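These notes are about the structure you will find just below.
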Amino acid sequence: MRKELGLLLLLVVVSAITAAINPLFLSGVNLLDMANLIGLFGVFSIGEGLTIITGGIDLSIGSMFALLGVVFVDLLTEYQMAWPLALLIIIAGGVLLGGLQAFLITRLRMQPFIVTLCGLLIYRGAARYYTTDSTRGFGYGDEADTLRSLAAGHLYGIPNTFLFLVILAVVMGVVLHRSVYGRYLFAVGKNEEAARFSGIRTGLVIAGAYVLSGGLAGVSTVLLVFYTNSVSPSSFGNFYELYAIAAAVLGGCSLRGGEGSIIGIVLGTALLQVLQNLVNILGIPSSLNFAVMGTVILLGVLADQQLQARRKLAAAQASTARAAAAPALARQGQQT
Amino acid sequence: MADMLLELAGITKTYPGVVALDDVSLRVMRGEVLGLIGENGAGKSTLMKILGGVAEPTAGVIRIDGRDHRALTVAGATRAGIAFVHQELNLFENLDVASNVFIGRERLRGGPLMLLDNRAQHARVAPLLERLGADFAPDTPVELLSIAQRQMVEIAKALSVDARVIIMDEPTSSLTLSETERLLRVVADLKAAGVAIIFITHRLAEIMTCADRVVVLRDGRTVGELARGELSHGAMIRLMIGRDLKSLYLPPQSEPRPGGCDIAGLVTSAFPDRSIDLSVRHGEILGLAGLVGAGRTSFARTVFGIDRRLAGEVRLDGAPVRIASPRDAIRQGIYLVPEDRKRAGLVLDMPIRENITLADLLHHARLLLIDRGSETRVARAQAASLGIKAPGVETQAVTLSGGNQQKVVLAKWLSMQPRVVIFDEPTRGIDVGAKTEIYALMRGLADRGVAIAMISSDMEEVIGVSDRIAVMHEGRISGVLDRARFSEYNVLRLAIGQALEPAETAEDMT
């Protein structure tokens, strides 16, 4: 929890400074706008976080948005499909793509980076080919009004996307931190060999993370489509996988695997959105957007690493002190 | 031929609490093959580390060309003409032969550009390979070479620095018979050219063929030296054994029960042309002895479903069980306490509680949600009954001592229903007190009717703890001893693939 508290503190400090410079930061409109974006980005960042906890990565989600997005718009406009069916098809599509990647990673033992990088290239290409690079959008008709009001509406003024993220975070928090599957995820991420020696089907556990990431990407597609109202296959969702990775890493997920928490990922997403917002609201040239984000992530991870190293050193000193008190154990420690 | 190349005088090496070498003296003459033998843990590796400049002796003198050194550095050892052909080959598989030979001292061209001069390297390596009778070229990638060929690369590397003493550590352990013969011919050629060779092996027959002189180590001491004329298997084994074994034996509290685990015709991927037949009764501790590399660990991994079983079957109380993964084995109550507890036994960054329940998590869960209370209860009960010394069950496993870590691995299995437990080197790197506790735990398990197989390279342990001993040699069981015939001599004879002496041979030889 220490990491999450630190992150929360950072979030509060950054917000306070921004608000002090420009009080508009705290205006209702701005806060709700941010909440909406946090909801949109948080959903797929949680999926990304799961793959990172297994020690892998999912680079393909941004392109999945484009491919699933154009299909989704077409299903609703071109084919006039009932929205529940279209929604189901898109989520199933994400699960399928995730499952395909999981198969390549766990069964054919390919590296997650390569598999999902190729996914990134292939899905983007497929989306552009399918639409011959033309933008797909809703007309002025009332396609899927019910779904639109679910995905892009408000409840008591709070964006539904944000509410959805809160519910999802609670559910995934229970899955990750309270369920058998969550424990297996951490065990596999920390030490796959020991997990295997304990009878855990490590391949299935890892595959589950990619399938969940794909499924959540499917859900995100729908949310994002109703946010932008149109899908340009060459740019829709570009770089979003990197936002997700950044949020997860900022939130305490280690790229070595076995570390991370849902609350951390959500806070990481929030911090990223606050940073984006801060660039706008403080009148920093928007071209510096990425640079600001990069700098904060770099400093955040650096600070975390230094703090951890110091904590580890303290723990080591404590244990050598204990070992010195018990000579038999000391000998042991040095031999192994 | 009697000029001395190298002399070690009174070398002692102590690690905190352990004397690895005690007043060892050794001389190496030009153009001789010196055999160095001793049991696992007799001090051979430490001695070689000192010669290689990796370890610094606590006392003693290393004399090279009449000059005394207190210790060698790696560079100093190389300069003195000492070269190694390692047991685990230290080659870069992604580079070619010549690059490996010249690694770290590449021939350069192009002045400040520091380009590799591949042509010069190849030209220099080719005659070396020819001299060794190698059947590959300097530009062959090492990954395409067999183990025997890789050894030739190592030897070529030694010759390229004009080594005068080449130390070969178990060079033939992974070679076929014809490859071994070829290596022994190379050894003879090198010797004729005036190179001295220290030949470390467990295979006494090779020593008989090639050694001019044999030095025997036991418990870190030189216990004897045999000249060429005095060499015989019996003489060598007698020198290797003969230490006082402390009695560790805890007799069983109950009669051996019927049934157990029968392994029939098991073929492991490590020795695809050998098969293993072995039975462990409920209520007994079966020691599994043998030299390092005899195939005991891969036997254990195969039974547990980690490695693929090429043939054969495992029967539990007479009924065949299907084991394709550790999960299958665990469901049958067959558990493995692995050799490398930090890598395979524990998730070090997890607390004791999570490590103990990891293999049985579904038992601690309702609707797939973990019941921490149930976990904590079981973990506390196990920690108390095994005497795990830690501030609490939330302590990370990484902070525990080796003995306590091993107890956590045990607790994981004891909290379930064990029927067969395989221990692979259960007390390696564990202090004496914790060892005794682990022996008592093993006996307690056996008395509850569990069948126990204990792989151990520690002679004292294997003889002291087991009810029966099966000995493995190069992928098969070379013999099974009951307590009446337990002796270091018998175990060692079987371990090096010799039959027991006629008077001692009996019906239970397999």
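The values are calculated or read from the model by the stated rules, or taken from the named source; none is laboratory data. Since the model is a prediction, treat every value here as computed from it, not as a measurement. Cβ atoms come from the backbone with ideal geometry, glycine included; neighbour counts cover every protein chain shown.
Taking the range B:140-179 only, how many residues are charged (D, E, K, R) and closer than 18 Å to B:Asn100 by Cα?
The first filter runs over the range B:140-179 and keeps only residues charged (D, E, K, R), leaving B:143, B:150, B:154, B:157, B:162, B:164, B:169-170, B:179.
Checking the rest, the ones that are also closer than 18 Å to B:Asn100 by Cα come to B:143, B:150, B:154, B:157, B:162.
Of the residues in that region, 5 qualify.
Hey, could you check the range B:447-472 for residues that are among the charged types (D, E, K, R) and modelled with pLDDT under 90 and say which is farthest from B:Ala344 (Cα to Cα)?
Here the answer is B:Glu460.
Given the conditions (1) within 14 Å of another protein chain (Cβ to nearest Cβ); (2) closer than 17 Å to A:Leu104 by Cβ, report the number of the one that A:Tyr210 does not fulfil.
If we test A:Tyr210 against (1) within 14 Å of another protein chain (Cβ to nearest Cβ); (2) closer than 17 Å to A:Leu104 by Cβ, just (1) comes out false.
Which one of these is surrounded by 22 or more Cβ atoms within 10 Å (Cβ to Cβ) and farther than 14 Å from B:Ile82 by Cα: B:Pro57, B:Pro16?
It is B:Pro57.
When both residues are 6+ apart or on different chains and their Cβ atoms are under 8 Å apart, which pairs have a first residue that lies in the range B:444-457 and is under 14 Å from B:Ala470 (Cβ atoms), and a second that is modelled with pLDDT under 90 and of a type in the set (Ser, Thr, Tyr)?
B:Ser456/B:Thr427
For the range B:294-320, which positions are of a type in the set (A, V, I, L, M) and either within 14 Å of chain A (Cβ to nearest Cβ) or surrounded by fewer than 17 Cβ atoms within 10 Å (Cβ to Cβ) (or both)? Don't jump to the end; show me each part of the working.
First, the residues of the range B:294-320 that are of a type in the set (A, V, I, L, M): B:294, B:300, B:303, B:306, B:310-311, B:314, B:316, B:319.
Matches in the range B:294-320: B:Ala300, B:Val303, B:Ile306, B:Leu310, B:Ala311, B:Ala319.
Limited to the range B:345-364, what total is found for residues that are facing chain A (nearest Cβ under 7 Å) and loosely packed, with under 15 Cβ neighbours inside 10 Å?
Number of matching residues: 1.
Scan (1) free of Cβ contacts under 8 Å to residues at least 40 places away in the same chain; (2) assigned to a helix (DSSP H, G or I); (3) touching a strand residue (DSSP E or B) at 6+ places or on another chain (Cβ under 8 Å); (4) not hydroxyl-bearing (Ser, Thr, Tyr) for the single condition B:Glu106 breaks and write down its number.
Every condition holds for B:Glu106 apart from (2).
Please verify whether B:Ile323 is closer than 18 Å to A:Ala187 by Cβ and either within 11 Å of another protein chain (Cβ to nearest Cβ) or in contact with a strand residue (DSSP E or B) (Cβ under 7 Å, 6 or more places away or on another chain) (or both), treating the condition exactly as stated.
no
Of the residues that sit in the range B:260-291 and are aliphatic (A, V, I, L, M) and within 13 Å of B:Ser478 (Cβ to Cβ), which one is surrounded by the fewest Cβ atoms within 10 Å (Cβ to Cβ)?
Going through the qualifying residues, I end up with B:Leu278.
Could you list, in sequence order, all residues of the range B:260-306 that are of a type in the set (S, T, N, Q) and either closer than 22 Å to B:His202 by Cβ or in a loop (DSSP other than H, G, I, E, B) (or both)?
Matches in the range B:260-306: B:Thr268, B:Ser269, B:Ser275, B:Thr297, B:Ser298.
Determine which member of the set A:Tyr227, A:Tyr184 is crowded, with 22+ Cβ neighbours inside 10 Å, assigned to a helix (DSSP H, G or I) and not acidic (Asp, Glu).
After ruling out the rest, the residue left standing is A:Tyr184.
Please verify whether the range A:288-308 includes one or more residues that are out of contact with any Phe, Trp or Tyr (no Cβ under 9 Å at 6 or more places or on another chain), within 14 Å of chain B (Cβ to nearest Cβ), surrounded by fewer than 19 Cβ atoms within 10 Å (Cβ to Cβ) and more than 30 Å from A:Leu68 (Cα to Cα).
yes
Name the residues in the range B:27-57 that are farther than 18 Å from B:Arg218 by Cβ and in contact with a Phe, Trp or Tyr (Cβ under 9 Å, 6 or more places away or on another chain), would you?
Once the filter is applied, which keeps residues that are farther than 18 Å from B:Arg218 by Cβ and in contact with a Phe, Trp or Tyr (Cβ under 9 Å, 6 or more places away or on another chain), the range B:27-57 yields B:Val33, B:Leu51, B:Gly52.
Consider B:Gly333 carefully, then state whether it is touching a residue at least 60 places away in the same chain (Cβ under 8 Å) and away from chain A (no Cβ under 11 Å). So that I can check it myself, show each step before the final result.
On the way: touching a residue at least 60 places away in the same chain (Cβ under 8 Å): yes; away from chain A (no Cβ under 11 Å): yes.
Taking the combined requirement at face value, the residue satisfies it.
Filter the range B:451-469 for residues that are part of a strand (DSSP E or B) and among the small types (Gly, Ala, Ser) and give the result. Give the derivation first.
Step one: filter the range B:451-469 for residues part of a strand (DSSP E or B), giving B:451-455, B:468-469.
Matches in the range B:451-469: B:Ala451, B:Ala453.
For B:Leu367, which of the numbered conditions (1) in contact with a Pro (Cβ under 8 Å, 6 or more places away or on another chain); (2) facing another protein chain (nearest Cβ under 10 Å) fails to hold?
Against the list (1) in contact with a Pro (Cβ under 8 Å, 6 or more places away or on another chain); (2) facing another protein chain (nearest Cβ under 10 Å), B:Leu367 comes up short only on (1).
Can you tell which of B:Ile62, B:Ile37 is more than 20 Å from B:Lys191 (Cα to Cα) and away from every other protein chain (no Cβ under 14 Å)? Working first, answer last.
Details: B:Ile37 fails: more than 20 Å from B:Lys191 (Cα to Cα).
When all the criteria are applied, what remains is B:Ile62.
Would you please list the contacts, defined by Cβ atoms under 6 Å and residues six or more apart or on different chains, that run from a residue in the range B:349-365 that is under 14 Å from B:Ala381 (Cα atoms) and modelled with pLDDT under 95 to a residue that is of a type outside the set (Lys, Arg) and assigned to a strand (DSSP E or B)?
The qualifying pairs do not exist here.
Among (1) modelled with pLDDT under 90; (2) surrounded by fewer than 20 Cβ atoms within 10 Å (Cβ to Cβ); (3) in a helix (DSSP H, G or I), which single condition is B:Gly444 missing?
The one condition B:Gly444 does not meet is (1).
If I filter the range B:227-241 for residues that are in contact (Cβ under 8 Å) with a residue 60 or more places away in the chain, touching an Asp or Glu at 6+ places or on another chain (Cβ under 6 Å) and crowded, with 22+ Cβ neighbours inside 10 Å, do I get at least one hit?
Checked against the condition, which is being in contact (Cβ under 8 Å) with a residue 60 or more places away in the chain, touching an Asp or Glu at 6+ places or on another chain (Cβ under 6 Å) and crowded, with 22+ Cβ neighbours inside 10 Å, the range B:227-241 yields at least one hit.
State all residues of the range B:365-409 that are charged (D, E, K, R) and within 18 Å of B:Ile430 (Cα to Cα); if no residue qualifies, say none.
B:Lys389, B:Lys407
When only residues in the range B:388-435 that are among the charged types (D, E, K, R) and either more than 10 Å from every other protein chain (Cβ to nearest Cβ) or under 22 Å from the mean Cα position of the chain (by Cα) (or both) count, which is surrounded by the most Cβ atoms within 10 Å (Cβ to Cβ)?
B:Lys407
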